[in-house]
């Protein structure tokens with residue numbers, strides 16, 4: 001045991017006490033509790049995931065004791081407790097139920113343990129800025145003898161990847177270092193002069209050497225953009241592999257990732273598969289956040305108030321800019337070629353163009369309403385909201401191309417990011433609302449008020465076709481060839497018949513084809529069909545998710561089809577007037593006839609050697 005524990009105002013201990021029941025046991029010792037009665041709480045949300053999750057709902061059997069005597073605890077609200085006045089030290093003991101396999105909370109079973117601090121560590125009111133320690137203990141039993149610990153938290157008395165004492169300067173740092181325990185695959189590379197660990201939990205056959213090589217290129221690309229890493233000693237990619245999953249959450253010196261094991265590269269792979277490209281884009285996204293949101297952040301997040309919503313219209317910059325640079329780093333680092341990058345960009349444009357919500361909600365509103373709309377999407381989402389990730393990234397693309405065109409390629413968005421890092425990220429200054437827009441106008445010497453009024457605070461479509469031409473890229477729109485068509489590529493010329501549009505997303509259901517989303521003004525909505533309906537027959541012929549699209553495309557445009565569908569337990573009949581699929585699927589191509597200026601522009605943009 002460390003001999004001078006008195007230097008820590010709060011001392012935590014966490015044990016995977018009952019993996020079979022998914023229970024962590026935690027203790028929290030407060031050396032000098034508030035004489036008026038110590039107040040305690042559990043966060044309601046976790047930074048980077050903007051939805052109230054009420055982590056206190058998983059707290060079980062919270063007890064308090066001091067000097068061998070049990071202390072009374074009063075619950076003040078859903079997440080807050082008040083302890084009766086007592087002399088210290090005060091010890092809280094409690095259990096947390098952990099059965100959410102995601103990057104946001106905590107998960108524990110007999111195969112591994114994972115937690116974010118916001119899910120397990122009580123906030124001690126009045127001590128948030130004080131140093132704290134964490135004793136991470138293994139579960140009991142020989143079957144856990146090979147377990148290790150992976151975290152970017154600073155060790156106090158623990159070997160690298162070992163159980164033992166760790167430390168944090170304050171509560172904000174404490175909850176910003178997720179922890180993985182178990183028997184994981186580990187590989188390390190260096191970027192920016194510091195070790196970067198890749199920790200993979202779950203069954204997989206990943207080529208770790210290739211993964212290290214590719215992630216090193218991505219990390220170096222981002223470090224080169226900003227000119228330096230933030231002051232961290234180690235960075236950790238915590239990866240959980242599953243059969244089907246996707247997600248990431250950024251932290252100050254690590255990231256938590258969830259992916260399909262099919263997203264990881266095999267030794268037999270000699271190209272960058274679509275799945276692997278997606279995984280690398282996710283890693284790139286979360287790593288870029290090391291600067292953009294973890295250090296460069298809105299004033300509304302300084303400090304974080306994890307007890308309630310924190311509103312800002314700026315997430316277009318922090319998620320939109322990051323979503324722009326994540327794939328851009330793949331091509332700039334040479335992992336993918338420019339054609340592959342254009343495919344990804346075409347897919348992003350397609351996702352935005354297919355959503356009618358972009359005409360009803362601005363990206364600034366999407367950011368402000370993320371707590372109730374973006375993170376709580378229902379069947380109406382495509383019709384009523386827009387994503388500050390996807391349209392945000394297109395706004396940023398348009399800004400970058402505009403800056404390059406306005407300054408004759410002497411200035412670009414990279415310069416803005418370096419300015420934000422030096423003037424706001426390093427000194428820890430928060431960005432006021434609309435401050436980025438002002439900085440950008442000053443940077444290029446041109447008033448950008450109208451641009452932001454139209455595309456950020458308004459709902460106009462971006463002039464991407466015109467802007468892409470300045471770097472020698474042609475933009476095309478076509479009809480989707482199938483429900484699985486994500487765009488980014490030209491149409492399959494073997495299908496000469498016009499594609500018929502149902503105007504709905506479909507999922508499999510034992511009874512037929514489940515309509516998960518019905519799009520505004522599409523044939524399904526016009527016929528009276530609704531999300532949740534289960535289509536069971538077309539013109540009296542039984543149908544399912546697997547054959548619905550093929551059946552519809554056997555008709556002609558303007559044909560009327562009798563549809564039978566169950567709404568709840570009632571069989572309903574609808575007349576479906578078929579229409580051609582809209583031109584909402586984008587693909588981009590380099591124009592071979594561009595002049596030298598355009599070719600030079602795209603080479604500089606994508607960091608391609610002329």
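For this structure, a couple of remarks:
- Net length gained if the chain between residue 477 and residue 542 were fully extended (0.36 nm per residue, minus Cα distance): 20.0 nm
- Relative contact order (%) - criterion: Cα under 8 Å, at least six apart; region: region 10-58: 24
- Pairwise label distance in nanometres, residue 376 with residue 76, each label 7 Å out on the Cα-Cβ vector: 2.4
- Ratio Rg/Rh, restricted to region 184-273 and using Cα atoms, in which Rh is the Kirkwood radius: 0.96
- Gyration tensor (alpha-carbon) shape descriptor, region 82-128, a/c threshold 1.5: prolate
- Inverse of mean 1/r across different Cα pairs in region 5-183, Kirkwood, Å: 16.4
- Computed log₁₀ I(q)/I(0) - Debye formula, equal Cα scatterers, no solvent, region 500-580, q 0.12 Å⁻¹: -0.26
- Helical mean residue ellipticity (222 nm; -39500 (n - 2.57) per DSSP H run of 4+; nearest 500) of the chain: -7000 deg cm²/dmol
- Cα centroid of region 314-338 to Cα centroid of region 373-421, whole Å: 10
- Fully extended contour minus Cα-Cα distance, from residue 603 to residue 460, at 0.36 nm per residue: 48.6 nm
- Computed from Cα positions, the angle between helix 338-353 and the longest principal axis of the chain comes to roughly 90 degrees.
- For region 536-577: relative contact order, % (alpha-carbon pairs under 8 angstrom, 6 or more apart): 39
- Based on Cα contacts under 8 Å between residues 6+ apart, region 192-263 shows a relative contact order of 36 percent.
- Entry for Cα extents along the principal axes in Å (calculated from the structure that is shown) out of [x] 73, 61, 47; [y] 69, 64, 52; [z] 81, 65, 50: [z]
- Descending by average beta-carbon neighbour count within 10 Å, the peptides 342-354, 463-475 line up as 342-354, 463-475, the highest first.
- Centroid-to-centroid separation of region 111-164 and region 430-468 [C-alpha atoms, Å]: 44
Readers should treat all values here as calculations from the given coordinates under stated rules, not as data from a laboratory. The model shown is predicted, which means the values in this text are computed figures rather than measured ones. Glycine gets a Cβ as well: all are built from the backbone with ideal geometry, and neighbour counts include every protein chain shown.
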